[in-house]
1. Assuming ALA84 fulfils every condition listed in (1) part of a strand (DSSP E or B); (2) over 20 Å from GLY218 (Cβ atoms) apart from one, which condition is it?
2. Taking GLN174 as meeting all but one of (1) touching a Phe, Trp or Tyr at 6+ places or on another chain (Cβ under 8 Å); (2) in a helix (DSSP H, G or I); (3) closer than 20 Å to LYS225 by Cβ, write down the number of the exception.
3. So if I check each of THR185, THR181, THR213, which one is part of a strand (DSSP E or B) and either in contact (Cβ under 8 Å) with a residue 40 or more places away in the chain or away from the ligand (no atom under 16 Å from the Cβ) (or both)?
4. When you scan the range 195-202, do you find a residue that is within 15 Å of the chain's Cα centre (by Cα) and either within 16 Å of the ligand (Cβ to nearest atom) or buried (at least 17 other Cβ atoms within 10 Å of the Cβ) (or both), even just one?
5. How many residues are of a type outside the set (Val, Ile, Thr), open to solvent by 20 Å² or more (accessible area, probe 1.4 Å) and touching a residue at least 60 places away in the same chain (Cβ under 8 Å) when one looks only at the range 123-164?
6. Criterion first (assigned to a strand (DSSP E or B) and away from the ligand (no atom under 16 Å from the Cβ)) does SER208 satisfy it?
Amino acid sequence: MKQKETLSTTPLKEQHIDLSNLLIEEMGDEHKASSVETPLRADAFDTTDEEKIAAIAPHFKAIMEILGMDLRDDSLKGTPLRVAKMYVKELFQGLNPANMPSMTLFENKFQYNEMLVEKNINFYTNCEHHFVPFFGKAHVAYISSGKVIGLSKLNRLVEYFSKRPQVQERLTMQIGKALQTVLQTQDVAVMMDAKHLCVSSRGVKDDSSNTITSFYGGKFQEEQKKMEFLKYIDINE
Ligand SMILES: [Zn+2]
């Protein structure tokens, strides 16, 4: 927690914000993650990506064999390694703070101090309870405190936190809080609208339901700003 306070009260000298230390520090000295943090073990990054891939593949192979699949089949034999690589290098690479995108800030030269909304950001992530995808649109907004950020960085930040086993509530809060830190303002809003395959393709098999979560910080807690944001993204709460 200390690290976070230092970061947010120190005037920004460089334009590059490195969140990787912050995110590790936020797990706390006892590495006991709060509800906003992804629960990670203290030794999460003691092994390299290559070591993780080599370790996961035989486990996935074992799952397939237990299910009764014949791994000698040409179509199946490459699957364990393929899945292991996909987990470590793609779907879950956002677990490692080293993969946090660099956040470049610019001076708000135009003195634009209304809200900026980036809507319909596509995201794909995986439910940490079933390890099947949930995906949809993220809408983010902020009111500049004197710094602005490249628009594509908003997409990259959404993507980074999506590449973890997730629950939608936590994903929404992680994006909101990271934006507050990067942009040095409380005035951040995030809304996520998603379809969960663990709801639509199994279990209750409800194909039509969406899940909506939101994060409102600072001025966005005021009814008027909230309504303005919702009007821009055209979702009625
Ligand atoms: Zn699920």
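The values are calculated or read from the model by the stated rules, or taken from the named source; none is laboratory data. None of these values were measured; they are calculated from a predicted model. Note that we place each Cβ from the backbone using ideal geometry, even for glycine, and neighbour counts take in every protein chain shown. Ligands, DNA and RNA are stripped out before the accessible areas are found, and what is left, the full protein with its side chains, is counted by its heavy atoms. Shrake-Rupley method; radii C 1.70, N 1.55, O 1.52, S 1.80 Å.
1. Going through (1) part of a strand (DSSP E or B); (2) over 20 Å from GLY218 (Cβ atoms) one by one, ALA84 breaks only (1).
2. So the condition that GLN174 fails would be (3).
3. Details: THR185 fails: part of a strand (DSSP E or B); THR181 fails: part of a strand (DSSP E or B).
Only one candidate qualifies: THR213.
4. Within the range 195-202, the first condition is being within 15 Å of the chain's Cα centre (by Cα), and the residues that meet it are none.
Scanning the range 195-202 turns up no residue that is within 15 Å of the chain's Cα centre (by Cα) and either within 16 Å of the ligand (Cβ to nearest atom) or buried (at least 17 other Cβ atoms within 10 Å of the Cβ) (or both).
5. Of the residues in that region, 7 qualify.
6. Against the criterion (assigned to a strand (DSSP E or B) and away from the ligand (no atom under 16 Å from the Cβ)), SER208 does not qualify.
This table checks each residue for (1) part of a helix (DSSP H, G or I); (2) touching a Cys at 6+ places or on another chain (Cβ under 9 Å); (3) among the charged types (D, E, K, R); (4) within 16 Å of the ligand (Cβ to nearest atom).
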| residue | (1), (2), (3), (4) |
| --- | --- |
| VAL88 | yes, no, no, no |
| LYS109 | no, no, yes, no |
| TYR112 | no, no, no, no |
| LYS119 | no, no, yes, no |
| ASN122 | no, no, no, no |
| HIS129 | no, yes, no, yes |
| HIS139 | no, no, no, no |
